[in-house]
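The values are calculated or read from the model by the stated rules, or taken from the named source; none is laboratory data. Everything numeric here is computed off the predicted structure, so don't read it as measured data. Counting neighbours? That spans all protein chains shown, and the Cβs are built from the backbone with ideal geometry, glycine included. We work out accessible area using only protein heavy atoms, side chains counted, and drop any ligands, DNA or RNA first. Shrake-Rupley method; radii C 1.70, N 1.55, O 1.52, S 1.80 Å.
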There are 2 protein chains.
Amino acid sequence: MPSYGWLLALYLAALPGNTAGAVAREPTERNCSVIPPYLPSTAVNTSLQLKELREQMLAMNISAYVIPGTDAHLSEYIAPRDARMAFMTGFTGSAGTAVVTQTKAALWTDSRYWVQAERQMDCSWELEKDVSISSVAEWLISEVPPGGEIGFDPFLFSLKTQENYNINLESSDRGLKSIPVNLVDKVWKERPPVQSDGLIRLPDRVIQRSWQEKVEHIRIQMRDNPYKPTALLLSALDETAWLFNMRGNDIPYNPFFYSYTLLTVDKIWLFLHTERVTDDLKAYLNASCEGALCVQLKGYDTILDHLKTYVAGPGVKVWIGTEYTNYALYEVITPQDKLLTSSYSPVLTTKAIKDETEQQILRDAHVRDAVAVIQFLMWLEKAVPEGNQTELSALEYVDNCRNKQKDSRGPSFETISASGPNAALAHYSPTIETNRRLTVDEMYLIDSGGQYLDGTTDITRTIHWGKPTEMQKEAFTRVLMGNIEISQTIFPSGTRGVNMEMLGRRALWEVGLNYGHGTGHGVGNYFGVHEWPVGFQSNNIPFRSGMFTSIEPGYYKENDFGIRIEDVAVTVPVQTKYGNNYLTFDTVSLVPYDRKLIDTSLLSSKQLQWLNKYYETIRRLVGPELDSQGLHEEKDWMLRNTEPFAEVGSSASVSSSSLTLIALAIALLHDIV
Amino acid sequence: MPSYGWLLALYLAALPGNTAGAVAREPTERNCSVIPPYLPSTAVNTSLQLKELREQMLAMNISAYVIPGTDAHLSEYIAPRDARMAFMTGFTGSAGTAVVTQTKAALWTDSRYWVQAERQMDCSWELEKDVSISSVAEWLISEVPPGGEIGFDPFLFSLKTQENYNINLESSDRGLKSIPVNLVDKVWKERPPVQSDGLIRLPDRVIQRSWQEKVEHIRIQMRDNPYKPTALLLSALDETAWLFNMRGNDIPYNPFFYSYTLLTVDKIWLFLHTERVTDDLKAYLNASCEGALCVQLKGYDTILDHLKTYVAGPGVKVWIGTEYTNYALYEVITPQDKLLTSSYSPVLTTKAIKDETEQQILRDAHVRDAVAVIQFLMWLEKAVPEGNQTELSALEYVDNCRNKQKDSRGPSFETISASGPNAALAHYSPTIETNRRLTVDEMYLIDSGGQYLDGTTDITRTIHWGKPTEMQKEAFTRVLMGNIEISQTIFPSGTRGVNMEMLGRRALWEVGLNYGHGTGHGVGNYFGVHEWPVGFQSNNIPFRSGMFTSIEPGYYKENDFGIRIEDVAVTVPVQTKYGNNYLTFDTVSLVPYDRKLIDTSLLSSKQLQWLNKYYETIRRLVGPELDSQGLHEEKDWMLRNTEPFAEVGSSASVSSSSLTLIALAIALLHDIV
C-alpha cells in the first residue's frame, strides 16, 4: 500500500480529486451554499459535540483548540478510542487536523480525502485543502483575536509539529497552550474503552533474539553513544512490541498495544495497562524483581509522572527518537542537557535490519501469502466473466484466502479492491455506495496484505480480463519497468532510498507519465504494514543488508483506471566485479503479473531476463507450497502464468540485417553458380 | 570541476589520501614525532603570527579563537586578503578551519588536503581529519577550561555554522563569543589591500535585462511574498554582481567585487569600496539621487551600521537567504519578526534560470571554448609522444588556447592537469614538486575552464595516448555511461538533482566502482565556476527549464589513475507522448571523448545513439567556428574524432545467428542447384 510523505505534497496536488463509481442518484456530497444546506445521508450531525467542546474551551480560556488525527504514539493508524478527529468532525479519513473556535470549525485534509470529507461532514465544518501547518496557522491568526491562546493536547503533537506551529505563530501575538488533559475526551461520552486483553508473547519459533538479548544489545548502543545517555525512552508502539517480542490488539490491522518503555542502563520500566498482563506474561517479563533484566510494570498513564521523577534525578540523560516522541514527554525532559535526540531511536534503527530468523520467516510468510493471492486471481479469472462479482465480494474472497493460510492473523490493512475509475484513487477502499461490478471491460487493482505470526505482507496486482487498450498496456509495462529497474539495481550499502526511487518513475517519465505517491515503505515481522524508518522517502534511513521494503510504482488516469505493481523485496549483498559492500534487492512477493498487460517489446533484454528469473523463482518457491496444500488447479494456473517470455530480439532483430545477408549470400551463390 | 557537499562526507572518507607524483628525494611531509621535528622546505614557520594572535586573544579574554577559511560573503573561493587561515597555518588548501588556544593550534581539513597540510604546516599545528563541527567542538571542550570563552568573527560564520557550534557546545559551560573585529587582521601586517579599480559594467550585447528591470522583478517577488518583507539583503558576491550587471576582480578566477546590497521597495543601497566607482559607473547606476531606481552608494564597511539603523525603523522586515548571509548581519536583525528567511534569496533563485540571451551567449562561449580544448587535445596528441611535455606545460598550453578566444577573461579556476596517479586526486593541481611528465603509458586528466565575458565554462576530458588496460577502458566507458544516462533522462520540471544523480553512478556501481565527489554544479554567465544553487547536491534547488549544470561522474584508482568526464548541459523542455512540463538536458560542452577508451560493447543502443547524436552536434556547431578561425588541421582532427560509432549489434550480433542462416541459405541453394 502506498504511503504519502511530506515530500510528495507537490505530486499530491496533481492527484485526481473526484470520481464516483456508483450510479448518481442524489448528490453524495454536501452543499452548504444553498438554503437550507443540502446534506447527504452520510453526513454526521456534529452540533452537540461542538457545543460541548466549546464549553470546555471557555473553561480553559482558549480561543481555539487543535485536534490532530493521531494518537499519543504518533501512530499512522489509530485505535477507535483515539479517533477524536472523526468523533468531532464526522470525517473518518486517516489523515487530517481539525480546529475549533467559538464560532467556526475547520478540517484540513489532503486531496485523497476531499470527496470523503464533503460526504461525511455537516455544514458546521469548513474544508481546508492546503494541509501545511502554515495554512492552519494562517487560519488561526485570522480567526483568533490578538492575545488569544490556542490550546492543544501535547500528547498528540510531535516535537516537529509543535515547533512548526510555534514558528508560524511567532510574533503574531497568538500563543500556543499545552493542555495535557484532552478536551475532546471530556465530551466524548461513548469513547471506546481500552482493550482488556489481547496481549501475547510471540512463540519461540518466530524469534531469534530473546527480549533479554535485545535489551542488552540496545544497552550496548547506549553505552557506546558518546553523549552517554542513562536512559532510552521508547514511545512508538512497535518499539516496545519489538523489544519484548510481544503483540497486542489495540489498533485494527496493527498488532500493537498501548505502551511506553523507559530503559536505563540497569532498569526496565514498561508502561501499559497492567490489568491486561496475565501471570504467564508477568513470569515471561520477569516482572517481580527490580534488577537489570527485570521488567517493572507501571500503569500506562503514569509515564509522564515517572519520567518527571526520573529526569529530576542527578546526572541523567534521556535519549529519545524525535520522530515518534510526543511533545508532552519531550517538554518534561529539561534542562536541555538531560536530553539526547536522534531522528529514530536505536530500537527502530536496530529493528530495521532483520536477523536471519526474521528474514527467513518473513520470506516463508510471503510464500503462503502468494498461495492465497494466486488462489484469488485464479478464482477472479473464472468468476468475473460470469458477471456477479464486485469490488466488495472480491475483497471478501481475498481476505478469506489469506485466513486459510497458516498463522494468519487477518489483513494487514483495509484491502484496496478497485475497478476502473475507482482504482485511479490510490487509497480507495470500496463501500456499499461506491462498490463497482467487476467486468472484462475494466482494469482491476487489488492492493492487499496479510498479518501472519511470522510476517506482514503487502502486494498489489493490476489485472485486465478482457482486451486492454494500447495505452493501458504501455502504462502497465512502464510501471513494471520501474519495479524491475529498482529491483535489479546494484548500489553501495548505505545508499538512501530517496536517491534511487526515480528508477521507479523513469520509464513513465520518458512518455510524460508519473504517479503521486511514495515508491515504497518498510515492512516486517508482524508489525504495522508501513514499517518506518525503511523505504524510499526522504526521511527514511539508508539501506543496509537485511531490510525489507515494498517497491510500488503506479500510474493513475483520472476517471478511467489505475495501475500499481507492488512487491516486497529484501536488500541482499551482491558480489561485484571490483568492489565490496554492494547490495541489491531480492523480491520476496511471489505472484506473477498479468501477461496480457505486458508489452515485452518495451522491455530491455536485461529487464526481460530479470522477469524470467523472477518467474523461475516463483515456480521454485511457490510450486512446492501449492503442492503441499493440494492446490493442483492453482499450481497449473501458476505454471501457465510464469511461462518464460521470449526475447523480442531473438526473433525480430534477425529479420532486418540478416535477411540482407541471406539475400547477399544467395546473390553470391548465384554468381558462383 | 567537482564540488564537495556535506552529504558526501561518507564518500570522501574513502578517497585516496596519499600519493606522491614526484620522485622521492627527501620526505615531502613534516614529521613532528622525531627530535628535532623534521620540516620539509615547503613548511611555513608560524611562530610569530601565533604569538601575536595569542596576545590579542588574551586582551579579549578568550580561551580559543576560531579561524574559518571563508570570507564575509561565505564565498567558496576567496581573495588573498581573506586568506586568514593560510596566513595563520601556512596551509593554502581551499577548505578548512583553524583553531588556536594559548597552548595549542589545530587545523581541520578533509582528505583531499591532508598531504598538502602535512607539507605546509610546521609542528605548531595539529592536523585533525574529521571536519564535522562536532569534532571541532569536541576538541574545544577538551582544550578550553569550563567557563572559558571561544571567540569567532561573526562575519566569517554562516547562521548554520554558528548554530552548529552552539548546539555542540550547549551545556558544556564553554560559551561562544562574537567578536566583530577580526583578530587575525590585527596581527597580519602585510595583509593585501582591497583592489583599487577593476569594477566594470557588462556590455549591452551580453545583457537582456537591465539592472533596473532586474530590480523591479525582484521587488515584485518581495511584494508577492505573503510575509511582506520591506527589504532584501544581498550578501553573496554574485547576487550584487548579477543585479547590477557588474563585475570586479577581487577574487582570483571569480569576477566579483566586495559588496552588499540592501534593496527596499523604494530604495537601493549598494555597499562597496566607493573609491573604485568611476564617474561612468556612477552615471550608469544613477547614483546621485534617492528615488526607487537610484543606487545610493555606501562604504563597504558601513553595512552593519546601516542595517542596524534600518532595522530600528518601524514596520520593517528584512528578507535574507540563510545560505549566504553571515552571522554578523543576521544577529542585528532583531526581534525575530523583523526577519524573513529562505535558504536562497530571490536573486539567487531568479538568477538560476537563465534568460534567452544568457542561454544563447553561454552556448556561444562553449563553442569557442570547444575550439580551444580541441586545439589543445590535438597538440597533446602530437607533443606527448615526443616526450617533452609535463602537467605544467600542458596547463600553460590550454590556458593559452583559451586566451586566444574572443572575450576571454582567463581561466575560471586553477587548471587541473594530472597524469597517472596524480589524477587519482580529484582536486589536484600540479606544482613544481609534483609535476609529472606526460607519457603514452599513463592516462591524463585535464579539468579546465574559461571565463568569457559571455559565459563561464568547465570541462574535463581523460585521455590515453598509448594502450589503455581493459580495466581503464571499462571504467572510462562506465563513467561515460553515467554521463549519458543523466544527459538523456527525461524528468518532470521541478525534480531535484539529488534524486537523479545516482544515474551518474549506476553503471559504475554495477561492477563495484564509485566516486567520491559531487555529480555536478551550476554554471553561468561570467560568474564563479561553481554557481549555486543549481546542481545535483541535496542543498540544490529543483531543476526548471533554463538552468545550466555540469555533469561529471568519475572514477579514481588510488596511486594509479583518475577518470572524469565533465560536460555542461542546460535543462530544456521536451515533448513527451502523454505529458507536459517535462525536461531533459542539452549538452553545451562540445568536445569529443577519447575513442580509444570507449568500449562500445558496454553501451546500450540508446546510449550509443545519444553519443552519435552528440558527435553530430559537435560537427554542426564547432565545425563552422573552426573554419572561421582558420583552424583546418583542428577541423580534421575534430571530424576524425567525431566519426559515428557503429552499433555493436549491427555487426557483432550478425555473426552468431545470421551466419547460421547464411549457412542454411547456402545449403538450400546447394540443394536447389
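Note on exposure: B:155, A:376 ranked by accessible area (1.4 Å probe, complete protein assembly) read B:155, A:376, with the most exposed listed first. The value of relative contact order for chain A, using C-alpha pairs under 8 Å at least six residues apart, is 12 percent. Here the accessible area of the stretch A:471-554 is 47 percent carbon and sulfur, with a 1.4 angstrom probe and all protein chains present. With coordinates expressed along the principal axes, the C-alpha atoms belonging to the stretch B:364-457 extend over 37, 26, 18 Å, beginning with the largest.
Average projection, convex hull of the Cα set of the stretch B:421-564: 9.6 square nanometres. Rolling a 1.4 Å probe over the heavy atoms of the protein chains gives the stretch B:274-349 an accessible area of 44 Å² per residue. Distant-in-sequence amide contacts of residue A:297, defined by a placed amide H-H separation under 5 Å and a gap of 5 or more residues or a different chain, comprise A:270. Within the assembled protein chains, the solvent-accessible surface assigned to residue A:258 is about 10 Å², based on a 1.4 Å probe. Of all beta bridges that DSSP places with both ends in the protein assembly as shown, some 70 percent have antiparallel geometry. Total buried accessible area between A and B, probe 1.4 Å, nearest 100: 3700 Å².
Anisotropy class assigned to the stretch B:550-630 is oblate, per the alpha carbon gyration tensor with a/c at or over the 1.5 cut-off and a/b no larger than b/c. Other residues within the sphere of radius under 14 Å centred on the Cβ of residue B:643, judged by their own Cβ, net out at +2 (K and R +1, D and E -1). First check a/c for the stretch B:277-368, with a ≥ b ≥ c the square roots of the eigenvalues of its C-alpha gyration tensor; if it is under 1.5, answer rounded, and if not, answer prolate when a/b is larger than b/c or oblate otherwise. Cα axes put the stretch B:277-368 in the oblate bin.
Excluding ligands, DNA and RNA, what is the solvent-accessible area per residue of the stretch A:70-217 at a probe of 1.4 Å, expressed in Å²? Heavy-atom SASA per residue in the stretch A:70-217 reads 41 Å². Burial here means at least 40 square angstrom less accessible surface with every protein chain in place than with the chain by itself, probed at 1.4 Å; in the stretch B:502-535 the buried residues are B:502, B:506, B:509, B:510, B:511, B:512. Between copies, residue A:337 shows label-point distances of 3.4 nm, shortest first, with the point placed 7 angstrom from Cα along Cα to C-beta. The alpha carbons of the protein assembly as shown occupy a box of 106, 83, 73 Å along the principal axes, longest dimension given first. Within the accessible surface of the stretch B:288-392, defined with a 1.4 Å probe on protein heavy atoms only, the carbon and sulfur portion equals 50 percent. So which residues in the stretch B:571-604 end up with at least 50 square angstrom less accessible surface once the other protein chains are there, compared with the chain by itself, probe 1.4 angstrom? Residues shielded by partner chains are B:578, B:582. Put a dot 7 Å past the Cα of residue B:316, heading toward its Cβ, do the same for residue A:290, and the two dots end up 6.2 nm apart.
Of the residues A:174, A:461, B:437, the one with the largest accessible area comes first in the ranking B:437, A:174, A:461, computed with a 1.4 Å probe on protein heavy atoms. Heavy-atom accessible area for residue A:585, with the other protein chains in place and a 1.4 Å probe, reaches approximately 10 Å².
Projecting 7 Å from Cα along the Cα-to-Cβ direction, the label point of residue A:544 sits 4.1 nm from its equivalents in the other copies, listed shortest first. Tell me whether the stretch A:235-277 comes out rounded, prolate or oblate; compute the Cα gyration tensor, take square roots of the eigenvalues as a ≥ b ≥ c, and use a/c under 1.5 as the rounded threshold. Prolate is the answer for the stretch A:235-277, as a/c is 1.5 or above and a/b outweighs b/c. Taking the label point 7 Å along Cα→Cβ, residue B:191 and its counterparts in the other copies are spaced 6.4 nm apart, in ascending order. Heavy-atom accessible surface of residue B:436, to the nearest 10 Å², is about 50 Å², with a 1.4 Å probe and all protein chains retained. For chain B, the Kirkwood hydrodynamic radius from C-alpha pairs, put into Stokes-Einstein at 10 °C and a viscosity of 1.306 mPa s, yields a diffusion coefficient of 59 µm² per second.
Could you check how much of the accessible area of the stretch B:230-278 is carbon and sulfur, as a whole percent, using a 1.4 Å probe? Exposed carbon and sulfur together represent 57 percent of the surface. When the residues B:601, A:589, A:178 are ordered by accessible surface, computed with a 1.4 Å probe over the protein chains alone, the sequence from largest down reads B:601, A:178, A:589.
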